[in-house]
Every structure is written in structure tokens, then in C-alpha cells.
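As C-alpha cells, the structure follows; a few thoughts come after it.
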Amino acid sequence: MLDLELLRSFVAVVDAGGFTRAGERVHRTQSTVSQQIKRLEDDLGQQLLDRSGKDVTPTDAGERLLSYARRLLSLAEEARDVLGRPSSEGAVRLGINEDFAAYRLTKLLASFARARPGLRLDVRADQSIYLRRDLERGELDLALLKRAAGGKDGIGVWPERVHWVDSRSHPCNAKADSVPLIFFPTGCLYRTRAIHAIEAAGRRWHMAYTSSSLAGIQAAVAAGLGLSILPEIAIQADHRTLSARDGFAPIDKTEVALVASPNANPATLRLAQRLAEFCDALQAKAA
């Protein structure tokens, strides 16, 4: 039998890249986490972590164990919630960005809702500027939003990698008098950053395509209608990333923040934990 506490520490070390940061996540000392990993390795007869570099990384055996560990911990959490929940858990109002809504996060939310029949989960995808506003108004309980790097509040914060993108098969004329842009409507963080970057370079621009749908923006870029800025998770095979060599300097740093209402109920905090684990895993995969 695999000890769930040992697996939880193992996953924390992999996601955090070290024993000290992992200890903070699982509320254990660095030495305790180290001892737990040693016990797990002894139980399995395999070295699970490579400790030789600056960051601790999983060995081949550790990589194989990692997916099983995440699934076992998720099932254990689901079982605990199912058995311990009251007949009605109230409601959780969650706001997320469009690009998160379009990917694996929907599966996580569906699994969370299925495990809690007594909970009403209300999810809204929107731009970060409106998610922040509605959180402050008390119209949302939890929001996974984007902002300029260096924000002060949040249950968790993760740096975001974004890039200028063009069509791979129908590239735009990068030296055109006016740069065609493709973005969400006014209020979009990437849109604002793009306009500032182009104007700082002394160039003109025009909005060639505006869409409230990420899929619409991705398709317009692929078709060659203009340029956009997308996070790595949303860049597709028919897109081409641009760099300073193409005349487009890197965009100022942005980050993803998970922010909860000060009066968040237990169900909201449980969902926040699941979302934080999702973002941790996404960050580790991208590293």
C-alpha cells in the first residue's frame, strides 16, 4: 500500500522543485519532507528524485510514479469530500479567463462538481478586468485572473509566458505602415500591452479583428488577418511566434493569480486548493 502522506510530499517536491518550498506547501519541515521521500524510495526500491542539480527533479521512476500519485491523491480528496460534505454545500461563484476555460480546467471543474451534488458551481469566463471588479463587488467568490507581475494579493501566483504570434502559412507584413492587431475587446491586458509596445517603437497600428472568443482570435491569427499576443498554452501549430529579431520585443511580465473573497466558504477554499494544484502542475510542465 502506498502512503498518501508520502505521495503528497513527493508531488509537492516535484512541483516546488525543492524540499524547503515543498515543506511550506505541506506544512512540514524540510527535514521531515526529506525523510518522507527516503521512506517512499525505500518502500518502492527506486530512486525517485535527482538531487544533484540546483533544483530537485524526478528520475525516470519518479516520472512514472508522478501521474499515479496525482490520481491517487485526487481520488482520496474526492472520497473525503463525498463522505464529509453536508447535504447542501451552498454555491461557489468562480470567474476564469477565456483561455483557461478552453482547456483542461473545464475537466477539473466538472469533476469537482460531480463529486459534490449538494454544491452549485457557477462559472463565468470573462476578461480579468471584469473578474477583478466583480470579485471586489462580492459578485464572485473566487477568480483565476491575469494581471501585471508583482501583484500583492492572491492565494497563489504563477508567472505567465506570453508571445507575439503570427500565421505560420500566411504571415503578415511585419514592416507594414500600420500593424494589424487581433485581440479581445477593450480592457484586455494583452491588447493594452501590445498597443504600448508598438507605439513605444514609433509604429502605427490598427485593430484588424476583435473577438470575445479565444477560438476566434486563434483562427484569425492562423488565417493571417493580423498579429496577437497569446500565452503558451493557447499557441497552436498553425501559429508562429515572433521575437525581437522580427521587430517585436518581449512583452512585459504578466502573471496568473488565484484570488478569493475575504468571506470565502469552505467549498470555495477546497476549489481554490484544486485550482492551485492545477496551476502548479501546469507551471511544472512548462518549466
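The values are calculated or read from the model by the stated rules, or taken from the named source; none is laboratory data. Given the structure is predicted, the values throughout are model-derived calculations rather than measurements. With ideal geometry, Cβ positions are generated from the backbone for all residues, glycine too; neighbour counts draw on all protein chains shown. Heads up: the accessible areas ignore ligands, DNA and RNA and are worked out on the full protein's heavy atoms, side chains in. Shrake-Rupley method; radii C 1.70, N 1.55, O 1.52, S 1.80 Å.
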Amide hydrogen neighbours beyond the local backbone of HIS239, cut-off 5 Å, H modeled: ARG168
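Percent of Cα-Cα pairs more than 17 Å apart in region 97-180, please. If you can, show how the numbers build up before the last one.
Details: 2260 of 3486 pairs.
Here the tail beyond 17 Å accounts for 65 percent of pairs.
Could you sort out which of LYS54/LYS285; LYS54/LYS107; LYS146/LYS285; LYS253/LYS285 sit more than 23 Å apart by Cα distance in this structure? Each step should come with its number before you reach the end.
Details: LYS54/LYS285 17 Å; LYS54/LYS107 34 Å; LYS146/LYS285 19 Å; LYS253/LYS285 19 Å.
Cα-Cα > 23 Å for LYS54/LYS107; rest within.
Provide the packing ranking of 254-261, 231-238, i.e. peptides ordered by the mean count of other C-beta atoms within 10 Å per residue, highest first.
Values: 254-261: 20.4, 231-238: 15.4.
Descending packing order for the listed peptides: 254-261, 231-238.
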If you fit an axis through the alpha-carbon atoms of helix 4-16 and take the longest principal axis of the Cα set of the chain, what angle between them do you get, 0 to 90°, nearest 10? 30 degrees
Over every pair of different alpha-carbon atoms in region 1-96, take the mean of 1/r and invert it; report that Kirkwood radius in Å. 14.6 Å
With 10 Å bins from 0: P(r) over region 191-287, alpha-carbon pairs, percent: 12, 33, 31, 18, 6, 0
Which residues qualify? For LEU142, with a placed amide H closer than 5 Å and at least 5 residues away or on another chain, they are ARG93, GLY95, SER261
Keeping every protein chain present and rolling a 1.4 Å probe, give me the accessible area per residue for the chain in Å². 52 Å²
Cα axis of helix 105-114 to longest principal axis of the chain: angle in degrees, 0 to 90, nearest 10? 40 degrees
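So what's region 1-160 giving for Rg/Rh, alpha carbon basis, Kirkwood Rh from the mean inverse pair distance?
Working: Rg = 18.5 Å, Rh = 18.1 Å.
Rounded to two decimals, Rg over Rh is 1.02.
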Would you calculate the volume per residue, in Å³, of the smallest convex hull containing every Cα atom of region 111-244? 140 Å³
In Hz, Karplus ³J(HN,Hα) per residue of region 118-132 (6.51, -1.76, 1.60; θ = phi - 60°; x = Gly, Pro): x, 10, 9, 9, 10, 10, 10, 9, 7, 6, 4, 4, 7, 5, 4
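In whole percent, how big is the carbon plus sulfur part of the accessible area of the chain, probe 1.4 Å, protein atoms only? Intermediate values should be presented prior to the final figure.
Numbers: 7740 of 14990 Å².
Ligands and nucleic acids excluded, carbon and sulfur reach 52 percent.
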Of the candidate values [x] 31, 21, 18; [y] 59, 21, 15; [z] 38, 25, 16, the one computed for semi-axes √(5λ) of the Cα gyration tensor in Å from this structure is [z]
Rough spin-label spacing in nm, given labels placed 7 Å along Cα→Cβ, for ILE195 and ILE129: 0.8 nm
